[in-house]
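Quick note: the coordinates plus some simple rules give every number you see, no bench work behind them. Treat the numbers as computed from the prediction; the structure is a model and nothing was measured. Cβ sites come from the backbone with ideal geometry, for glycine too, and all protein chains shown count toward neighbours.
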Amino acid sequence: MKFIVQWKGMPAVQQAAIARFMKTGARPPENVVMLGRWHTPGEVGGVAIVEATDASAIAKWTLQWSDLLSFTLTPALTDEELGAALAAHQAAAG
């Protein structure tokens, strides 16, 4: 399943977040595939689209940063996945 991972930090943590990112690359664990990541210039924040079979793997990743950043994790569907769900819904509704 795909997830939208958003993060935000206060300006006071910016230098610590930069140092950790430069040291680790903020790579997700093996069982989480990062499809894309974007950063908000001038802020401590951004968004990533990831894929994982289990949200607990994403929790493990975000907990490594929870001392600096707060996270929002939202399930996400592609157009094709949503279209299939909508078609099934319409078929069931008759």
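Structure notes:
- Magnitude of the charge dipole for the chain, about its Cα centre and with charges confined to Cβ atoms of Lys, Arg (+1) and Asp, Glu (-1), is about 420 debye.
- Helices in the chain, meaning DSSP H runs of at least 4 residues, each add -39500 (n - 2.57). Divided by all residues, the mean residue ellipticity at 222 nm is -11500 deg cm²/dmol.
- The gain in end-to-end length when the Lys8 to Arg27 segment is fully stretched comes to 5.1 nm, 0.36 nm per residue minus the alpha carbon separation.
- Projecting the Cα positions of Ile58, Leu82, Met1 onto the charge dipole of the chain (unit charges on Cβ atoms of Lys, Arg, Asp and Glu, taken about the Cα centre) puts Ile58 furthest along the positive direction.
- Cα convex hull of region 2-93 - mean projected area over all directions, nm²: 7.1 nm²
- A straight Cα-to-Cα reach below 16 Å connects Lys8 with the aspartates and glutamates Glu43, Asp67, residues fewer than 8 places away in its own chain not being considered.
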